[in-house]
There are 2 protein chains.
Amino acid sequence: MDNRTVLLDRALELLAARGYDAVGVQEIAAAAEVTKPTLYHYFGSKRGLLDTLLAERFAPLHTDLCTAAAYQGDLPLNLYQVAGVYFDFARENGQFYGLLMTVRHAPPHSEAYQAALHLERRQIAVLESLFTQALPHMEGRHHRYALTFLGMINVYITLAVGGDIALDHEVQHQAVHQFMYGVFS
Amino acid sequence: MDNRTVLLDRALELLAARGYDAVGVQEIAAAAEVTKPTLYHYFGSKRGLLDTLLAERFAPLHTDLCTAAAYQGDLPLNLYQVAGVYFDFARENGQFYGLLMTVRHAPPHSEAYQAALHLERRQIAVLESLFTQALPHMEGRHHRYALTFLGMINVYITLAVGGDIALDHEVQHQAVHQFMYGVFS
DNA sequence: CAAGCACTATACCGTGCGGTATACTGCTCC
DNA sequence: GGAGCAGTATACCGCACGGTATAGTGCTTG
């Protein structure tokens, strides 16, 4: 593996575990067994490293999400597919999804939050568009539905990270069912 | 106001805006117009300051939460009351609730997360106990219900912080209704 | 008045931060 | 073969970090 890739991998491990502000570039470079100028050669700055990491690892999730959310007349099917995309991604990229969760909830004036803002917006936009097409008679609620659906997905993924559940098809069905029909059903 | 209180207030502002690791004790002390030894006199360490801040401002929320979650045979009523407690608290302590959200989702090996762990656990325990009493025949799902309910509350509060909605009684009812019966109802 | 204590400021500690100037490698391409 | 460039290391910059030793304040209590 070339140094660039190693740097991104080690950065992911460290940032996901301890956070953007708590980890220094020195430490990341050392973990990748290179020196700081190498890191700055590839990424220009600490922020550039974070941006690159987020962009490169987020891209496949976004692609799959767009596919799963393409509306064809069956909203429950779409929601089930979307949940599947998230579960699959979180299962195979647990560390990165953890990082995504932390930057998504970082303080609003922190660098990490700024770096993650548009990733969040893109996910919400896709989901909102799905709800808009599927439920055209419910104006004003689409944004709320997109956020609550993603929120429920994230709760289930967090549960899985804690080892309480497995992200299998059964749980996937339960999550979507709970979103559509609630717990009293 | 005495220096201790001013320090806590300024610390809340700064930490909520930029995060625990990005704000130095020097800056907090300067914002409170005192010097570092004063801060260290009251709180012993940076971590001690965070612990104190979280403990003191979280206490009233926890008290109200316990009251609202005391089960008396009507789960929907309890959920409605709990949502009310959170909405009221978030409306009156927006900055602190924001801080609570960031530390709750901080990286697992960060100091901020360690400091917030038991606060989170105490909230979940109260809600879990409520679900256990109200739905004794659904073993294994109480934890999930507690987390998804709190998750939905937090999504609505986040929406309100963004200015999209107001945390009034109507939204409070909508949130609880969505949790109980889903979006297809 | 004097002893003691809570509180605060000046000045400092060692360490690590993000970032860079410089120079050396090896490789490609004329 | 030499010019140029991507990639890497040594050594350094100024600065801010978390934390503390010391020395005062003023206020309470005998």
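The values are calculated or read from the model by the stated rules, or taken from the named source; none is laboratory data. Owing to the predicted nature of the structure, the values given are computational and were not obtained by experimental measurement. FYI the Cβ positions are ideal-geometry reconstructions off the backbone, even for glycines, and counts take in every protein chain you see. The accessibility values were calculated without ligands, DNA or RNA, using every heavy atom of the protein model including side chains. Shrake-Rupley method; radii C 1.70, N 1.55, O 1.52, S 1.80 Å.
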Report, ordered by the first and then the second residue, all pairs with beta carbons closer than 7 Å, sequence separation of six or more or different chains, a first member in the stretch A:6-25 that is farther than 25 Å from B:Ala17 by Cβ, and a second member that is assigned to a loop (DSSP other than H, G, I, E, B). A:Val6/A:Ala32; A:Leu7/A:Ala32; A:Leu7/A:Val34; A:Arg10/A:Ala32
Which of (1) open to solvent by 60 Å² or more (accessible area, probe 1.4 Å); (2) away from chain A (no Cβ under 14 Å); (3) in contact (Cβ under 8 Å) with a residue 12 or more places away in the chain; (4) within 16 Å of DNA strand C (Cβ to nearest atom) is the odd one out, the single condition B:Pro60 does not satisfy? (4)
From the list A:Leu119, A:Leu135, A:Leu159, exactly one residue is at the interface with chain B (Cβ under 9 Å from one of its Cβ atoms), in contact (Cβ under 8 Å) with a residue 60 or more places away in the chain and either buried (at least 20 other Cβ atoms within 10 Å of the Cβ) or out of contact with any Gly (no Cβ under 7 Å at 6 or more places or on another chain) (or both). Which is it? A:Leu135
Inside the stretch A:102-116, the number of residues satisfying the requirement of being within 11 Å of another protein chain (Cβ to nearest Cβ) and surrounded by 20 or more Cβ atoms within 10 Å (Cβ to Cβ) is 8
Name the single residue that is most open to solvent (accessible area, probe 1.4 Å) among those in the stretch A:25-37 being in a helix (DSSP H, G or I) and within 22 Å of B:Ser110 (Cα to Cα). A:Gln26
Give the residue, chosen from A:Tyr86, A:Tyr40, A:Tyr71, that is aromatic (Phe, Trp, Tyr), within 25 Å of A:Val171 (Cα to Cα) and outside any loop (DSSP other than H, G, I, E, B). A:Tyr86
Would you mind finding the one in A:Tyr20, A:Tyr71, A:Tyr86 that is closer than 30 Å to A:Thr148 by Cα, away from DNA strand D (no atom under 16 Å from the Cβ), open to solvent by 10 Å² or more (accessible area, probe 1.4 Å) and among the aromatic types (Phe, Trp, Tyr)? A:Tyr71
Here are the criteria: (1) closer than 19 Å to A:Phe96 by Cβ; (2) assigned to a helix (DSSP H, G or I); (3) small (Gly, Ala, Ser). Tell me which single one A:Ala22 does not satisfy. (2)
Please work out which one of (1) part of a loop (DSSP other than H, G, I, E, B); (2) more than 9 Å from chain B (Cβ to nearest Cβ) is the condition A:Asp164 fails and give its number. (2)
